[in-house]
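Report on one structure; see the data block that follows.
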Amino acid sequence: MKRLTPYSWLILIIFSSCLTGNKVASTDKQIESLLSQMTLEEKIGMLHSNTMFSSTGVPRLGIPDLHYSDGPHGVRFEGVANGWESAQWDNDACSYLPALSALASTWNRDLAQLYGEVLGAECKARGKHVSLAPGVNIHRSLLNGRNWEYFSEDPFFSGELAVPYIQGVQSQGVASCVKHFALNSQAYNQYKVSVEVDERTLHEIYLPAFEAAIQQGGAMAAMAAYNKVRGLWCTESLYLLDTLLRDELGFDGLVVSDWNAVHNTERTALCGMDVEMGTSIKENGKYAFNKYYLADPLLKKVRNGEIPEEAVNKKVRNILKLMIQLDLIGQAPYDTTGMAVKLAIPTHTKAARKIAEESLVLLKNSKDMLPLDPAQYKNVAVIGANATEVFAAGGGSTKLKAKYEVTPLEGLQNLLDGKARIEYAPGYQLNKKAYKVGHWFTNEFDKFDEELYKKAINTAAQAELVIYIGGTSHEHGSDCEGYDKPNLKLPYQQDRLLKGILEVNPNTVVVLISGGPVEIREWYNDATALLHGSFLGMEGGNALARTLFGEVNPSGKLTTTW
């Protein structure tokens, strides 16, 4: 192949620049043409939602409603238009990918790209235009109940995984919405807290992942967070959304609010926030979308001359630009016929297992206990409530309707079928109720179940091998949206249970499933093997079993300090 001369390269660069310039000019012309044909009411209608997960279009101009999907690891179930409940579709079950904290433990950019491609493809199959992910908030507090939805404590590393994830999603014709901008580091009280931060910390810790997501990943959308920064809500902060996000980071896409995160009409209208989502206002028992701050109240203020119409136009331009990028203008309404055959297809479930397998982290393996030899054990005890817990439907806004979810116990049964007898004992019982303790929620005061404890110890004593599968879950007060942890202890007195098991049977492998670090000091020295995984997705049980018994090497690495 003949190499290009420097002169040829210059011609190519100029030609490419001309094409880009022409495309931008064409897009701008189309935007202004559409804008000129819209009434004020139609323009303001585009600035807020008309269902829980869509914002209003202008049908007469071929402008569709914009449909959003929650969940960084799958497409949220189809919900009713005016509420949070499932619409009970029978064809919306999707792939359930491992949590972003699990993806991060792979340290694998290629898998992050694959992850995004799977998510983007299933969003597209479900008729969703904007995927509300990834979350790149920093693991600044280890107690944050949403850390499992984010990548790491490290700003650079978080950006390195976010970029291919975003590129994967957007390669499927779906916009990726990076969130939560900014300084959203705790779940408890996030609707009220005002974050005070100096410029160096802001720029060195909190902004780099967003910068990478925008400048390298090309994220088409961003979400303004719930909290305040320096006394102003993120959704109305000129400094955050204009000076930092749009001017300094160069973001020129759509900014959507977190649900029910807007608190003021005028300040929000005059800053770089475009679409208001979510409301708590109800009329006749239904959410009143026309009462949003950027709905009827904004219309009134523009008509009265209190807010210039150009402020509305700027927001509509950002929305139209996104729609043009996604080729949505003038397209026929989405047809859900045959949708189910595009969800959780074999290539997607295979990707879910591959990511789960590469995410598992070997924290201890004294005496070379792992990998286990299936021919060596005929009587295996599996202990711990996480062995049978399913995680797809929990965690808050990320909950999914998974096509299926293989639990750790099922994965072990699949692998050891006919080779060993497995006896299961939970040892403790998950309690979905949370107890408020001061500013926190905890399950720690749940009654210790002596009977379950004794049965688990007895089961362990009689087994040749014990596989303990515990950790945390998506219950309130654990790894769950809206709540922070009171401490890093394993809930339900698992330390006591583990100490008891290790006393009667030192031939025990400890597997901890959690969204981040937990305390292990009480029994760590007595444990021979310790494996950690975050929430592992629909193929998690199979991935775990294959790793324990040597079909897969546990190559994952921690992304947050233990």
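The values are calculated or read from the model by the stated rules, or taken from the named source; none is laboratory data. Every value quoted in this text rests on a predicted model; they were computed, and no experiment measured them. Glycine gets a Cβ as well: all are built from the backbone with ideal geometry, and neighbour counts include every protein chain shown. Ligands, DNA and RNA are excluded from the accessible area calculation, which covers all protein heavy atoms including side chains. Shrake-Rupley method; radii C 1.70, N 1.55, O 1.52, S 1.80 Å.
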Just report the Cα centroid separation between segment 363-437 and segment 283-362, whole Å. 36
Binning every alpha carbon pair distance of segment 349-391 at 5 Å from zero, what are the percents per bin? 5, 13, 12, 24, 28, 16, 3
Quick one: Karplus J couplings for segment 171-179, per residue in order, coefficients 6.51, -1.76, 1.60, θ = phi - 60°, nearest Hz, x for Gly and Pro? 5, 9, x, 10, 7, 9, 10, 6, 8
If amide hydrogens are placed 1.01 Å from N in the peptide plane, which non-local residues have theirs closer than 5 Å to the one on ASN264? none
Per residue of segment 251-257, in order, report the coupling 6.51 cos²θ - 1.76 cosθ + 1.60 (Karplus, θ = phi - 60°) as ³J(HN,Hα) in whole Hz, putting x for Gly and Pro. 6, 10, x, 8, 10, 10, 7
Which entry in (1) 36, 34, 23; (2) 39, 28, 22; (3) 45, 26, 22 is this structure's computed semi-axes √(5λ) of the Cα gyration tensor in Å? (3)
Determine the relative contact order of segment 504-548: mean sequence separation of Cα pairs under 8 Å and six or more apart, normalised by residue count, in whole percent. 44
Below 8 Å, C-alpha to C-alpha, sequence gap of six or more: please give me the relative contact order for the chain in percent. 18
Can you pull the accessible area of ASP258 for me, 1.4 Å probe, Å² to the nearest 10? 10
Along the dipole axis of the chain (charges at Cβ: +1 for Lys and Arg, -1 for Asp and Glu; origin at the Cα centre), the most positive-end residue among LEU240, ALA212, SER55 is SER55
For segment 125-156 versus segment 213-281, the gap between their alpha-carbon centres in whole angstrom: 17
Relative contact order for segment 212-346: what percent, with Cα pairs under 8 Å and sequence separation of 6 or more? 20
Taking a straight Cα-to-Cα line shorter than 25 Å from LYS454, and setting aside same-chain lysines fewer than 8 residues away, one finds LYS378, LYS432, LYS433, LYS489, LYS499
Going through segment 165-214, which GluC sites (Glu not before Pro) have at most 11 other Cβ atoms within 10 Å and a DSSP loop state? GLU196
Hey, which aspartates and glutamates would be in cross-link range of LYS342, C-alpha to C-alpha under 12 Å, not counting anything within fewer than 8 residues on its own chain? ASP92, GLU122
Using only the Cα atoms of segment 302-419, what do you get for the radius of gyration and for Dmax, in Å? 25.3, 81
Please give me, ordered by residue number, the chymotrypsin sites (Phe, Trp or Tyr not before Pro) of segment 79-170 that lie in loop per DSSP and have at most 15 other Cβ atoms within 10 Å. TRP84, TRP89
Using only Cα atoms, tell me the angle between helix 494-504 and the longest principal axis of the chain; keep it within 0 to 90° and round to the nearest 10. 30
With the Cα gyration tensor of segment 484-558 giving a ≥ b ≥ c as the square roots of its eigenvalues, does the rule (a/c under 1.5 for rounded; else a/b larger than b/c for prolate; else oblate) give rounded, prolate or oblate? oblate
Ordering LEU294, LEU114 by how much accessible area each has at a 1.4 Å probe, largest first, what is the list? LEU114, LEU294
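Sort LEU362, LEU143, LEU249 by accessible area with a 1.4 Å probe, largest first.
Values: LEU362 65, LEU143 45, LEU249 10 Å².
The ordering from most to least exposed comes out as LEU362, LEU143, LEU249.
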Quick check: residue separation of ALA87 and LYS367 times 0.36 nm, minus the Cα distance between them. What number comes out in nm? 95.5 nm
Which of the trypsin sites (Lys or Arg not before Pro) found in segment 182-239 are loop residues per DSSP with 16 or fewer other Cβ atoms within 10 Å of their Cβ? LYS192, ARG230
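Please give the charge dipole size of the chain, origin at the Cα centre, charges +1 on K and R Cβ atoms and -1 on D and E Cβ atoms. Round to the nearest 20 debye.
480
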Quick check on my link table: of LYS354/LYS455; LYS354/LYS403; LYS350/LYS557; LYS354/LYS485; LYS192/LYS282; LYS124/LYS399, which ones sit more than 24 Å apart, alpha carbon to alpha carbon? LYS354/LYS455; LYS354/LYS485
Arrange the residues THR347, THR508, THR243 by how much accessible surface each exposes, largest first, with a 1.4 angstrom probe. THR347, THR243, THR508
Taking just the alpha carbons, could you work out the radius of gyration and Dmax for segment 106-190, both in angstroms? 13.2, 36
